[in-house]
Structures are given as C-alpha cells and as structure tokens.
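Everything below concerns the one structure shown next.
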Amino acid sequence: MNILIINASPRRDGCVSQMLGLVRKEGEARGAEVTVVRVADLQVRSCIGCMQCRSRQECVLPYDDARKVLAMINEADAVIVGTPCYWGNIPGSLKVLFDRIVYGMMGESRRGMPLPLHKGKRAAFIATCSTPWPFNILFRQSRGAVKALREIFKWSGFKIVATVEKGGTKSRPSLTGGDCHACRKIVERLMK
C-alpha cells in the first residue's frame with residue numbers, strides 16, 4: 001500500500017508532526033510505502049480563479065509544488081492529512097494547495113456537477129487545536145478543520161475511514177497514550 005501523509009503544521013516537532021510521525025512508523029511497520037509532504041516546505045502560488053483548469057485538466061500557472069503533490073495523491077492508495085486548527089478551519093497554506101489542484105481531485109459533468117476522481121481510495125485526518133477538550137469539539141474548532149477536509153475529500157471520492165481530534169495542545173503539548181493508540185489505529189483502518 002502506498003500512503004501519502006500531508007503535514008499542514010508549520011511546527012516540525014509540534015503535536016501534528018508527532019502524531020503523523022507515529023502514523024508513518026506504524027505504516028512502515030505494516031509494510032506500507034509512506035511518503036510525507038510538509039506544506040510549509042512547498043512553493044505553491046495561489047489560485048487565480050481563471051477556471052481554465054476545469055476544461056484543460058491542468059493549471060495555467062507555472063509548474064510548482066502543487067502539481068507535485070497532485071501527482072503524489074494520484075499515486076497514493078491512501079492519504080492522511082494532519083493539520084492544526086486556525087480559526088476553526090484548516091490553515092490557509094493547505095487551503096491554497098487544495099484550491100490549486102481541484103481539477104485533479106474532482107471533475108465536472110457537462111451540467112457542472114462534481115465527479116469524484118479518486119473513488120476507491122481512503123483518507124484519514126488528524127486535527128489539533130489549543131482549545132481544551134471537549135470545547136475543541138463543542139465550539140467546532142478542531143471539528144471545523146475536519147469538516148473542511150471532509151468536504152474536499154468527500155467530493156473527490158475518498159472513503160474517510162478515521163479522524164483524530166486533539167484539543168488543549170497549549171496546556172498539554174505532549175501526546176498521551178490515547179493519542180498514540182488513536183494514531184496507530186488510523187493505519188489499521190486504512191489497510192483493512
């Protein structure tokens with residue numbers, strides 16, 4: 001199995017990175033080929049909204065890392081996205097990436113209805129935020145980030161098999177045993 005991990009955290013050693021590190025180790029221990037992409041390391045220009053990618057099936061902007069990530073998604077059997085919560089949503093850098101590759105995530109019927117391009121693939125999400133548990137869920141903080149990812153991946157045809165939300169990262173930056181267990185379960189669900 002080929003697993004792509006997209007890390008949207010700018011912190012190399014933060015909770016998201018630690019959790020994704022556990023996922024990577026578990027995937028490799030189970031024989032998966034795992035590739036990790038850090039969004040903070042990418043060079044991606046913002047979408048200009050020309051809509052030409054819908055008919056051309058490629059972006060008109062000069063080649064950059066957005067196309068590299070799309071090629072990795074196309075090659076992957078499963079995608080795991082880890083993200084911190086920014087204002088109850090995903091960081092802008094991750095949104096810009098997905099805006100740029102929309103043409104490769106979902107197509108369009110002649111009537112303009114979405115057509116999923118990644119049926120049969122699986123996805124899982126990890127979201128963290130500083131809002132303490134259970135308020136990270138009740139106030140739709142980490143839940144908002146997961147909701148945004150669900151929209152992108154649902155319309156792209158992925159089956160979402162797991163989500164992990166960790167709140168209170170400001171006061172509890174270390175991973176708990178429960179966090180570690182949840183990360184290992186992600187890989188188990190992806191590989192079923």
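Take the conditions (1) touching a residue at least 60 places away in the same chain (Cβ under 8 Å); (2) surrounded by fewer than 18 Cβ atoms within 10 Å (Cβ to Cβ); V16 misses just one of them, which is (2).
Tell me, yes or no, whether region 16-25 has at least one residue that is assigned to a loop (DSSP other than H, G, I, E, B) and not hydroxyl-bearing (S, T, Y). No, there is no match, as no residue in region 16-25 is assigned to a loop (DSSP other than H, G, I, E, B) and not hydroxyl-bearing (S, T, Y).
If you check G168, G157, G178, G144 for being touching a His at 6+ places or on another chain (Cβ under 6 Å) and either assigned to a loop (DSSP other than H, G, I, E, B) or surrounded by fewer than 23 Cβ atoms within 10 Å (Cβ to Cβ) (or both), only one passes: G157. Scanning region 51-75 for residues that are surrounded by 21 or more Cβ atoms within 10 Å (Cβ to Cβ) and farther than 22 Å from K147 by Cβ gives C59, A66.
A quick yes/no check of all residues on (1) in contact with a Lys or Arg (Cβ under 8 Å, 6 or more places away or on another chain); (2) of a type in the set (S, T, N, Q); (3) within 25 Å of M106 (Cβ to Cβ); (4) at pLDDT 95 or above:
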position	(1), (2), (3), (4)
L22	yes, no, no, yes
K25	no, no, no, yes
R30	no, no, no, yes
T35	no, yes, yes, yes
V39	no, no, yes, yes
R54	no, no, yes, no
D64	yes, no, yes, yes
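With a requirement of 3 or more residues that are touching a His at 6+ places or on another chain (Cβ under 7 Å) and not β-branched (V, I, T), none of the strands (runs of 3 or more DSSP E) lying completely within region 26-140 satisfies it. Being over 30 Å from R189 (Cβ atoms) and of a type outside the set (S, T, N, Q) is the filter here; which residues of region 29-50 pass it? R45, C47, I48, G49, C50, listed by residue number. For R45, state whether it is modelled with pLDDT under 95 and closer than 22 Å to S156 by Cα. Considered against the rule, which asks whether it is modelled with pLDDT under 95 and closer than 22 Å to S156 by Cα, R45 comes out as no. All of I126, I101 fail the test of being aliphatic (A, V, I, L, M), out of contact with any strand residue (DSSP E or B) (no Cβ under 8 Å at 6 or more places or on another chain) and surrounded by 21 or more Cβ atoms within 10 Å (Cβ to Cβ), apart from I101. Select from region 19-40 the residues that are charged (D, E, K, R) and free of Cβ contacts under 8 Å to residues at least 24 places away in the same chain and list them in ascending order. Across region 19-40, the qualifying residues are R24, K25, E28. Screening T163, T169, T131 for residues that are among the hydroxyl-bearing types (S, T, Y) and under 30 Å from Y103 (Cβ atoms) leaves exactly one candidate, T163.
The values are calculated or read from the model by the stated rules, or taken from the named source; none is laboratory data. Just so we're clear, the structure is a prediction, and the values are computed from it rather than from any experiment. Cβ coordinates were reconstructed from backbone atoms using ideal geometry, including for glycine residues, and neighbour counts include every protein chain displayed.
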